[in-house]
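First up is the structure itself, then whatever we jot down about it.
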Amino acid sequence: MDQAERRAQLIAHLEERGTLHSQRVAQVMRAVPRELFVPRYLTHRAYEDAPIPIGHGQTISAPHMVAIMTEALELGPGQRVLEVGTGSGYQAAILSRLVEPGGRVATVERIGQLAERARSALLSCGAANVTVFHDDGSRGRPAAGPFDRIVVTAAAPRLPPPLLEQVAPGGILLAPVGARACDLIRARRTATGWKEENLGACAFVPLKGEFGQPA
Ligand code: SAM
């Protein structure tokens with residue numbers, strides 16, 4: 001079986017389980033080659049539904065978690081998205097296609113070598129509307145906001161206040177909140193405040209930085 005067949009099989013499995021429920025997200029996950037975002041010596045594991053080490057103690061999230069988070073973001077063309085925790089760049093590549101045409105993705109990674117590798121993987125899969133920044137993303141990117149969607153892909157002790165401030169009216173902040181075992185929280189900015197939903201338990205590496213886990 002080649003990588004494209006393995007990818008199609010994984011996406012079909014996520015659809016059968018109900019993890020993927022929108023045609024658009026499934027179509028995009030079927031089109032983005034996850035093998036471009038995992039270390040070369042692990043490409044044979046690219047279509048396991050599991051996190052895979054990417055170096056520096058970090059991981060590319062499991063495909064089912066990418067599917068859950070992407071569905072929860074309710075993405076559409078033209079949106080401005082901020083991702084905190086670029087890691088391999090795979091989630092950013094998925095976001096990139098879902099905001100086309102006209103949308104843009106800014107993604108922030110605190111580990112320089114990962115940011116560099118993600119930049120080249122994103123280039124090689126043609127994600128021209130993504131910019132990778134090497135910085136502490138727990139502070140967001142105030143100069144570039146507000147954003148229609150902000151997604152954090154590391155466990156934060158609470159919803160980081162600067163990220164809440166950078167969500168546009170009607171927008172969404174999605175973040176795992178807690179310690180390594182955490183809850184996926186979706187906060188929607190409404191006309192009168194915030195509506196928070198707990199989308200279930202999950203496990204993530206810690207968010208570091210000024211508004212991350214205490215050292
Ligand atoms: N979204 C990624 C992907 O598609 O591969 C997976 C992200 S990995 C689970 C979490 C990432 O968040 C790690 O690469 C880690 O270095 C990064 N991270 C942790 N704290 C951060 C911070 N304050 N700012 C930016 N990145 C951070």
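How far is helix 112-124 tilted, in degrees, relative to the longest principal axis of the Cα atoms in the chain, given as a value from 0 to 90 rounded to the nearest 10? So the helix axis and the longest Cα principal axis differ by about 60 degrees. If you take every DSSP beta bridge fully contained in the chain, what fraction is antiparallel? Give it as a percent rounded to 5. Looking only at bridges with both residues in the chain, the antiparallel portion is about 45 percent.
The coefficient of translational diffusion for segment 112-183, derived via Stokes-Einstein from the alpha carbon Kirkwood radius under 37 °C and 0.692 mPa s, stands at 242 µm²/s.
Counting only Cβ charges, +1 for Lys and Arg and -1 for Asp and Glu, the dipole size of the chain around its Cα centre is about 220 debye.
Residues whose amide H falls under 5 Å from that of L20, counting only those 5 or more places apart or on a different chain, are E15, with hydrogens built in the peptide plane.
Close amide H pairs (under 5 Å, H built 1.01 Å from N) link F133 with T107, V108, E109, residues at least 5 positions away or on another chain. For segment 5-107, chymotrypsin sites (Phe, Trp or Tyr not before Pro) are listed when DSSP marks them as loop and at most 15 other Cβ atoms sit within 10 Å of their Cβ; the list is empty.
Counted residue by residue at 0.36 nm each, then reduced by the alpha carbon distance between them, the extension gain from A12 to T192 reaches 60.8 nm. A run of the chain free of exposed loop cleavage sites, with trypsin sites (Lys or Arg not before Pro) counted only in DSSP states other than H, G, I, E and B and at most 14 other beta carbons within 10 Å, reaches its longest extent at 18-157. Rounded to whole numbers, the Karplus 3J(HN,Hα) couplings from phi for segment 145-150 are x, x, 10, 6, 9, 10 Hz, using 6.51 cos²θ - 1.76 cosθ + 1.60 with θ = phi - 60°, and x at Gly and Pro.
Oblate is the label for segment 1-76. Its Cα gyration tensor axes, ordered a ≥ b ≥ c, give a/c of at least 1.5 and b/c at or above a/b. Phi angles of segment 202-208 translate, via the Karplus equation with coefficients 6.51, -1.76, 1.60 and θ = phi - 60°, into HN-Hα couplings of 7, 9, 9, 5, x, 6, 9 Hz per residue; Gly and Pro are given as x. With Cα atoms as the point set, the radius of gyration and Dmax of the chain evaluate to 15.9, 52 Å. Distances between placed amide hydrogens fall under 5 Å for I52 paired with I60, all partners being 5 or more residues away or on another chain.
Just so you know, all these numbers are worked out from the coordinates, no wet-lab data involved. Since the model is a prediction, treat every value here as computed from it, not as a measurement. With ideal geometry, Cβ positions are generated from the backbone for all residues, glycine too; neighbour counts draw on all protein chains shown.
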